[in-house]
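What follows is calculated from the coordinates using simple rules that are stated; it is not laboratory data. Everything quoted here is computed from the prediction, not taken from an experiment. Counting neighbours? That spans all protein chains shown, and the Cβs are built from the backbone with ideal geometry, glycine included.
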Amino acid sequence: MEIRLTRSAERDLLDGHAFYERQAPGVGTYFLDSLFSDIDALVLYGGIHPKPDGRFHRTLAKRFPYAIYYEMATNSITVVAILDCRQKPSRIHQKLLQR
């Protein structure tokens, strides 16, 4: 199973990295390591997560307050968004509509 990230999902990761690096040096790197581990787990668990918006599956990151939104195809998983859960739900919904 192949996992792909859209450009917007990559941008979400870089934004999260920058935010956590501003909090304390090294935390941004830990953030990326943690999120990539959660994304890699989709090879085993992809497709079992709910679709709260009806379009994308959503799994919650284990160590940070982020949600990973993805689409399933026969032999691939495409991560379309990695969003901070501490936002207003309406803002998350708007971002998902744009992707």
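Annotations
- Residue in the stretch 83-99 that is touching a Gly at 6+ places or on another chain (Cβ under 8 Å) and among the hydroxyl-bearing types (Ser, Thr, Tyr) present: no
- Annotation note: Cβ proximity below 9 Å between a residue of the stretch 7-33 that is closer than 19 Å to VAL80 by Cβ and a residue that is surrounded by fewer than 13 Cβ atoms within 10 Å (Cβ to Cβ) and of a type in the set (Ser, Thr, Tyr) (sequence gap 6+ or interchain) occurs for HIS17/THR29.
- Helices (runs of 4 or more DSSP H) completely within the chain that count 2 or more residues being hydroxyl-bearing (Ser, Thr, Tyr) and surrounded by 11 or more Cβ atoms within 10 Å (Cβ to Cβ): 7-23, 27-40
- Any hit, the stretch 37-57, residues being of a type in the set (Ser, Thr, Tyr) and closer than 18 Å to ARG11 by Cβ: no
- The sole residue among GLN87, GLN94 that is more than 15 Å from the chain's Cα centre (by Cα) and not hydroxyl-bearing (Ser, Thr, Tyr) is GLN94.
- If you check PHE56, PHE64 for being closer than 15 Å to LEU96 by Cα and either in contact with a strand residue (DSSP E or B) (Cβ under 8 Å, 6 or more places away or on another chain) or without any contact (Cβ under 8 Å) to a residue 60 or more places away in the chain (or both), only one passes: PHE56.
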